[in-house]
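Engineer: This is the structure, below, for whatever I ask next.
The values are calculated or read from the model by the stated rules, or taken from the named source; none is laboratory data. Because the structure is a prediction, the values reported are computed rather than measured. FYI the Cβ positions are ideal-geometry reconstructions off the backbone, even for glycines, and counts take in every protein chain you see.
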């Protein structure tokens with residue numbers, strides 16, 4: 001019964017408390033190193049002499065996290081629906097806001113990237129459109145969460161919504177990338193990492209890891225708040241503030 | 001690479017540093033508001049405990 | 001199983017036909033939205049033909065979104081929905097009957113009224129034909145995916161707006177391929193076969209999964 005001990009909010013609360021500072025240290029170190037490496041160790045002049053590629057570090061990290069956290073949200077929702085464990089629902093609810101914020105950073109930096117490289121603030125390029133749609137899915141999830149008062153129903157309903165969203169997402173991806181099947185040449189965009197110089201790639205990955213640690217830290221903090229809110233009148237919470 | 005060159009970022013300074021600033025603001029504001037929420041919850045718990053004590057003493 | 005399906009279907013259609021005005025509200029909403037665009041954008045014929053597919057589909061999306069709230073609301077209010085949950089027949093069959101009834105009363109009229117759009121937007125008969133066919137394929141998908149949203153937001157304050165926030169992003173593939181097909185046939189007169197296949201695939205998928213998902217969502221909302 002070693003691991004399942006932590007599926008009870010009462011045990012998970014102190015565990016999360018201990019983990020949070022570790023994730024914060026990891027996040028600060030990784031992001032600092034990633035950005036330092038990105039700004040100082042990468043070649044000063046790139047082939048097309050554009051200095052704005054530094055935006056990529058934040059943009060790639062944030063959009064990865066935006067997508068990854070949506071996946072986590074769906075996962076925790078699914079686990080909650082199957083095992084009916086309250087904690088997994090709490091994790092799903094905690095992930096939503098951080099995921100939405102990460103997606104917001106990805107969207108804004110994507111728009112700025114569009115401005116510097118294509119000249120317009122918004123370009124209906126499939127990737128930008130998809131991250132806009134993912135943002136709508138986040139907003140829909142959070143709207144449903146806050147519209148339902150009873151926590152049990154809110155958790156389950158939003159878990160179903162997240163599942164529905166993730167089921168339709170591939171179809172949306174296909175329809176955005178290939179709106180006109182007649183002349184839809186290549187659906188698979190070549191991954192934009194092929195020609196990237198090693199140092200930039202390293203900086204990008206390290207920054208992304210830093211964003212991942214940051215997301216975990218904030219999600220754990222929010223989960224602790226949710227646990228306190230929902231278990232406010234239990235015995236162990238009352239003891240909590242004694243020490 | 002002098003400081004001014006670094007800040008200018010080849011003419012794209014506003015964009016690059018704008019994004020960095022936005023990310024920084026979000027990634028500082030979110031934990032702070034969470035910390036605040038945490039403190040408020042703890043106070044609420046303390047108040048609940050006090051109310052219960054008073055209830056039992058009478 | 002089948003006769004319960006038709007029993008519920010008949011019941012819902014009869015109930016709705018008693019309050020006939022509600023059917024026409026959705027219809028007139030569709031026509032009004034469609035006729036707003038030329039007033040807003042302009043009367044140039046070439047341009048109108050260009051925007052007609054998108055406008056018709058967006059109006060269809062909004063009209064079916066509008067009608068979704070009434071799908072479960074009445075039964076939820078007077079408790080028949082709880083009875084349905086307790087019925088021996090699988091809930092998804094009952095829900096599928098309700099969705100079909102809803103589609104007959106809101107989706108199908110949109111298809112029948114499409115020629116009006118053709119009229120307002122100077123579309124040729126062939127394009128209107130394609131639009132009607134695409135709407136025939138697309139509106140059931142709208143009703144089914146929308147039903148899941150209606151079930152999730154049952155009895156919530158501001159349910160109507162909430163449903164659109166939840167469900168509109170999920171309607172995008174239907175919008176893209178539905179209007180794409182009409183656009184394709186109207187201007188490039190290219191073949192619309194891939195669009196039809198994709199929409200029918202989407203229709204089949206939602207036929208299989210939507211009733212089951214709506215039933216699950218109803219069980220959650222009514223617990």
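Engineer: Need the failing condition index for residue A:151 against (1) within 7 Å of another protein chain (Cβ to nearest Cβ); (2) under 22 Å from residue B:36 (Cβ atoms); (3) at pLDDT below 95, just the number.
Structural biologist: Looking at each condition in turn, residue A:151 falls short on (1).
Engineer: Then there's this: Please specify each residue of the range C:134-166 satisfying the condition of being free of Cβ contacts under 8 Å to residues at least 24 places away in the same chain and within 23 Å of residue C:55 (Cα to Cα).
Structural biologist: Result: C:161, C:162, C:165, C:166.
Engineer: Give A:94, A:159, A:143, A:100 a once-over and let me know the one that is within 14 Å of chain C (Cβ to nearest Cβ), touching a residue at least 60 places away in the same chain (Cβ under 8 Å) and part of a helix (DSSP H, G or I).
Structural biologist: On the way: A:94 fails: within 14 Å of chain C (Cβ to nearest Cβ); A:143 fails: touching a residue at least 60 places away in the same chain (Cβ under 8 Å); A:100 fails: touching a residue at least 60 places away in the same chain (Cβ under 8 Å).
Testing whether each residue is within 14 Å of chain C (Cβ to nearest Cβ), touching a residue at least 60 places away in the same chain (Cβ under 8 Å) and part of a helix (DSSP H, G or I) leaves just A:159.
Engineer: Out of C:66, C:62, report the one residue that is modelled with pLDDT under 90, closer than 18 Å to residue C:171 by Cα, in a helix (DSSP H, G or I) and touching a helix residue (DSSP H, G or I) at 6+ places or on another chain (Cβ under 8 Å). Can you show your working first?
Structural biologist: Details: C:62 fails: modelled with pLDDT under 90.
It is C:66.
Engineer: Can we say residue C:114 is part of a helix (DSSP H, G or I) and over 30 Å from residue A:135 (Cβ atoms)? Talk me through it step by step, then tell me what you get.
Structural biologist: On the way: part of a helix (DSSP H, G or I): yes; over 30 Å from residue A:135 (Cβ atoms): yes.
It is true that residue C:114 is part of a helix (DSSP H, G or I) and over 30 Å from residue A:135 (Cβ atoms).
A quick yes/no check of all residues on (1) in contact (Cβ under 8 Å) with a residue 12 or more places away in the chain; (2) part of a helix (DSSP H, G or I):
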site	(1), (2)
A:115	no, yes
A:123	no, no
A:128	yes, yes
A:135	yes, yes
A:149	no, no
A:171	no, yes
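Engineer: A further question on this structure: Would a scan of the range A:15-25 turn up a residue that is within 11 Å of chain B (Cβ to nearest Cβ), within 14 Å of the chain's Cα centre (by Cα) and on the phi < 0 side of the Ramachandran plot?
Structural biologist: Taking every residue of the range A:15-25 in turn, none turns out to be within 11 Å of chain B (Cβ to nearest Cβ), within 14 Å of the chain's Cα centre (by Cα) and on the phi < 0 side of the Ramachandran plot.
Engineer: Exactly one condition in (1) farther than 25 Å from residue A:209 by Cα; (2) away from chain C (no Cβ under 14 Å); (3) in a helix (DSSP H, G or I) is not met by residue A:69; state its number.
Structural biologist: So residue A:69 meets the others, but not (1).
Engineer: Could you list, in sequence order, all residues of the range C:207-223 that are more than 7 Å from chain A (Cβ to nearest Cβ) and surrounded by fewer than 23 Cβ atoms within 10 Å (Cβ to Cβ)?
Structural biologist: Residues of the range C:207-223 that are more than 7 Å from chain A (Cβ to nearest Cβ), as a first pass: C:207-212, C:214-215, C:218-219, C:222.
If the condition is that a residue be more than 7 Å from chain A (Cβ to nearest Cβ) and surrounded by fewer than 23 Cβ atoms within 10 Å (Cβ to Cβ), then C:207, C:208, C:209, C:212, C:215, C:219, C:222 are the ones that fit.
Engineer: Quick check: is even one residue across the range C:140-158 within 19 Å of residue C:60 (Cα to Cα), assigned to a helix (DSSP H, G or I), modelled with pLDDT under 90 and within 11 Å of another protein chain (Cβ to nearest Cβ)?
Structural biologist: Taking the range C:140-158 first, the residues within 19 Å of residue C:60 (Cα to Cα) are C:140-150.
Restricting the remaining residues to those that are assigned to a helix (DSSP H, G or I) gives C:140-150.
Checking which are modelled with pLDDT under 90 leaves us with none.
No, that holds for no residue.
Engineer: Among the residues of the range C:176-184, are any at pLDDT 90 or above and within 18 Å of residue A:132 (Cβ to Cβ)?
Structural biologist: Checking the range C:176-184: at least one residue is at pLDDT 90 or above and within 18 Å of residue A:132 (Cβ to Cβ).
Engineer: For the range B:1-17: of the residues being in contact with a helix residue (DSSP H, G or I) (Cβ under 7 Å, 6 or more places away or on another chain) and in a helix (DSSP H, G or I), which is farthest from the other protein chains (Cβ to nearest Cβ)?
Structural biologist: My answer is B:7.
Engineer: Need the failing condition index for residue C:16 against (1) exposed (fewer than 13 other Cβ atoms within 10 Å of the Cβ); (2) part of a helix (DSSP H, G or I), just the number.
Structural biologist: All conditions are met except number (1).
Engineer: Does residue A:197 satisfy the condition of being surrounded by fewer than 16 Cβ atoms within 10 Å (Cβ to Cβ) and more than 7 Å from chain B (Cβ to nearest Cβ)? Give the steps one after another, and end with the answer.
Structural biologist: On the way: surrounded by fewer than 16 Cβ atoms within 10 Å (Cβ to Cβ): yes; more than 7 Å from chain B (Cβ to nearest Cβ): yes.
The answer is yes for residue A:197.
Engineer: Can you tell me which residues in the range A:18-36 are over 13 Å from residue A:61 (Cβ atoms) and at pLDDT below 90?
Structural biologist: The one that is over 13 Å from residue A:61 (Cβ atoms) and at pLDDT below 90: A:36.
Engineer: Evaluate the range A:39-62: report whether one residue or more is buried (at least 18 other Cβ atoms within 10 Å of the Cβ), assigned to a helix (DSSP H, G or I) and away from chain B (no Cβ under 13 Å).
Structural biologist: No - not one qualifying residue is present in the range A:39-62.
Engineer: Run down B:35, B:54, B:46 and say which single residue is free of Cβ contacts under 8 Å to residues at least 12 places away in the same chain and more than 9 Å from chain A (Cβ to nearest Cβ).
Structural biologist: On the way: B:35 fails: more than 9 Å from chain A (Cβ to nearest Cβ); B:46 fails: more than 9 Å from chain A (Cβ to nearest Cβ).
Exactly one residue qualifies, and that residue is B:54.
Engineer: Next question. Among the residues of the range C:51-60, are any closer than 22 Å to residue C:24 by Cβ, surrounded by fewer than 16 Cβ atoms within 10 Å (Cβ to Cβ) and under 15 Å from the mean Cα position of the chain (by Cα)? Spell out how you get there, then give the answer.
Structural biologist: Initially, the range C:51-60 is screened for residues closer than 22 Å to residue C:24 by Cβ, giving C:55-60.
Restricting the remaining residues to those that are surrounded by fewer than 16 Cβ atoms within 10 Å (Cβ to Cβ) gives none.
No: zero hits.
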